[in-house]
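Peer 1: Let me give you the structure first, and then I'll get to my questions.
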Amino acid sequence: MDKIFFTKAITRLPGEDFANGLTTSGLGLPDLSLAVNQHTEYISALKRLNIDVDVLPPLSGMPDACFVEDTAIVTEETAVITHPGAVSRTGETDSISAVLSQYKSVRRINGKGATIDGGDVLLVGDTFFVGISNRTNRAGMDEFAAILTPYNRYKFVPVEVADGLHLKSGVTQIAPYKLFITKELADNPAFTPYKKVIVPDGEEYAANTLLINGTLLMSGGFPKSAQVCKDEGCKVIVLNMSEYRKMDGALTCLSLRF
Ligand code: CIR
């Protein structure tokens, strides 16, 4: 989820079975020791930005569990434990629920057939954009909205996700109310009220950025995207995400922030 100032992040190391996770990338098998190094760099970057980081151990038998973002949506008021849309990932949530309950009151998506992944949930101001994707359905969005509606604060806007795994594979916030967004999503009227910076052709993976305490984390290997964001006035840190990309993961997936 995507407010802009945070003090805390929860991450989880990739485990021995990381290469057995779900992927559509066709980029080959990830190298675990390189993935662990990239994870260390990610955590260092968060710490440099004044975030206190919890690093959880790998979850045995759950190769996608390092992508913690999908298991919860953490707001100022509460933590909503998701029901991930991939069956192989539903077992990841109990452990995250136990960790988050140290910090927040915890609610759970548990309606029949309701699925939602955190990667489909983008908060801009007080508006939650929820990707309706292969992982997140309307029942999941409706249950999520019902949990937060009593706080009388948020709007909920569905966005059909035609390309990419999650909504945030194609759009993230690079400055308050300013979106870095693929050409395809930019046409969606849901985003009309915002300033839109278009991801350069061929660099779509770079759309997933992470704005933390005034600094923008971006994936390495996408120089045009980094330049475009710098030209927009962003202070950019580039991180190598190659091994996570092989498993369809990106910057936001690797942490829960609050
Ligand atoms: C999956 O397919 O679920 C994982 N291999 C990648 C999840 C990436 N998560 C994210 O973008 N929030």
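Peer 1: Does ARG108 fit the bill of being out of contact with any helix residue (DSSP H, G or I) (no Cβ under 9 Å at 6 or more places or on another chain) and more than 13 Å from the ligand (Cβ to nearest atom)?
Peer 2: Details: out of contact with any helix residue (DSSP H, G or I) (no Cβ under 9 Å at 6 or more places or on another chain): no; more than 13 Å from the ligand (Cβ to nearest atom): yes.
Spelling it out, it is not the case that ARG108 is out of contact with any helix residue (DSSP H, G or I) (no Cβ under 9 Å at 6 or more places or on another chain) and more than 13 Å from the ligand (Cβ to nearest atom).
Peer 1: Which condition breaks for GLN173 when tested against (1) in contact with a helix residue (DSSP H, G or I) (Cβ under 6 Å, 6 or more places away or on another chain); (2) touching a residue at least 40 places away in the same chain (Cβ under 8 Å)?
Peer 2: (1)
Peer 1: Same structure again: Select from region 19-59 the residues that are among the hydrophobic types (A, V, I, L, M, F, W, C) and farther than 28 Å from VAL236 by Cα and list them in ascending order. Let's see the steps before the verdict.
Peer 2: Just the residues of region 19-59 that are among the hydrophobic types (A, V, I, L, M, F, W, C), to begin with: 19, 22, 27, 29, 32, 34-36, 43, 45-46, 49, 51, 53, 55-56, 59.
Matches in region 19-59: ALA19, LEU22, LEU29, LEU59.
Peer 1: Just one of the numbered conditions (1) at pLDDT 95 or above; (2) surrounded by fewer than 16 Cβ atoms within 10 Å (Cβ to Cβ) is not true of LEU179; which one?
Peer 2: (2)
Peer 1: Let me ask something else. Which residues, taken from region 149-170, are open to solvent by less than 40 Å² (accessible area, probe 1.4 Å) and either more than 16 Å from the ligand (Cβ to nearest atom) or more than 19 Å from the chain's Cα centre (by Cα) (or both)?
Peer 2: Of everything in region 149-170, those that are open to solvent by less than 40 Å² (accessible area, probe 1.4 Å) and either more than 16 Å from the ligand (Cβ to nearest atom) or more than 19 Å from the chain's Cα centre (by Cα) (or both) turn out to be TYR154, VAL157.
Peer 1: Still on this model: Considering only strands (runs of 3 or more DSSP E) fully contained in region 34-148, which possess at least 3 residues that are open to solvent by less than 10 Å² (accessible area, probe 1.4 Å)?
Peer 2: Those strands (runs of 3 or more DSSP E) span 72-74, 79-81, 121-124, 127-132.
Peer 1: Please return the ranges of strands (runs of 3 or more DSSP E) entirely within region 158-211 where 1 or more residues are more than 21 Å from ILE237 (Cα to Cα).
Peer 2: Details: elements: 171-175, 178-181, 195-198.
Passing ranges, in order: 195-198.
Peer 1: Which residues, counting only those in region 45-72, are of a type in the set (Val, Ile, Thr) and either in contact with a His (Cβ under 7 Å, 6 or more places away or on another chain) or more than 11 Å from the ligand (Cβ to nearest atom) (or both)? Please lay out each step first, then the result.
Peer 2: Taking region 45-72 as the starting set, the residues that turn out to be of a type in the set (Val, Ile, Thr) are 51, 53, 55, 68, 71.
Those that are of a type in the set (Val, Ile, Thr) and either in contact with a His (Cβ under 7 Å, 6 or more places away or on another chain) or more than 11 Å from the ligand (Cβ to nearest atom) (or both): ILE51, VAL53, VAL55.
Peer 1: While we're on this one: Scan region 227-245 for residues that are open to solvent by less than 40 Å² (accessible area, probe 1.4 Å) and in a loop (DSSP other than H, G, I, E, B) and report the count.
Peer 2: 2
Peer 1: Looking only at region 2-24, which residues are among the hydrophobic types (A, V, I, L, M, F, W, C), part of a loop (DSSP other than H, G, I, E, B) and open to solvent by 20 Å² or more (accessible area, probe 1.4 Å)? Please lay out each step first, then the result.
Peer 2: Step one: of region 2-24, the residues among the hydrophobic types (A, V, I, L, M, F, W, C) are 4-6, 9-10, 13, 18-19, 22.
Next, from what is left, pick out any that are part of a loop (DSSP other than H, G, I, E, B): 4-6, 13, 22.
Residues satisfying the conditions are ILE4, PHE5, LEU13, LEU22.
Peer 1: Can you confirm whether LEU27 is open to solvent by 80 Å² or more (accessible area, probe 1.4 Å) and either more than 23 Å from VAL87 (Cβ to Cβ) or within 16 Å of the chain's Cα centre (by Cα) (or both)?
Peer 2: Working: open to solvent by 80 Å² or more (accessible area, probe 1.4 Å): yes; either more than 23 Å from VAL87 (Cβ to Cβ) or within 16 Å of the chain's Cα centre (by Cα) (or both): yes.
Taking the combined requirement at face value, the residue satisfies it.
Peer 1: Given the structure, is SER255 under 28 Å from ALA72 (Cβ atoms), polar (S, T, N, Q) and touching a residue at least 60 places away in the same chain (Cβ under 8 Å)?
Peer 2: Working: under 28 Å from ALA72 (Cβ atoms): yes; polar (S, T, N, Q): yes; touching a residue at least 60 places away in the same chain (Cβ under 8 Å): yes.
Yes.
Peer 1: While we're here: Checking the condition touching a Gly at 6+ places or on another chain (Cβ under 7 Å) and at pLDDT below 95, which residue from GLY164, GLY170, GLY111 passes? Spell out how you get there, then give the answer.
Peer 2: Values: GLY170 fails: at pLDDT below 95; GLY111 fails: touching a Gly at 6+ places or on another chain (Cβ under 7 Å).
Answer to the selection: GLY164.
The values are calculated or read from the model by the stated rules, or taken from the named source; none is laboratory data. Computed from a predicted model, the values in this text were never measured in an experiment. So basically every Cβ, Gly included, is an ideal-geometry build from the backbone, and we count neighbours across all protein chains shown. Note: areas computed on protein heavy atoms with side chains; ligands, DNA, RNA excluded. Shrake-Rupley method; radii C 1.70, N 1.55, O 1.52, S 1.80 Å.
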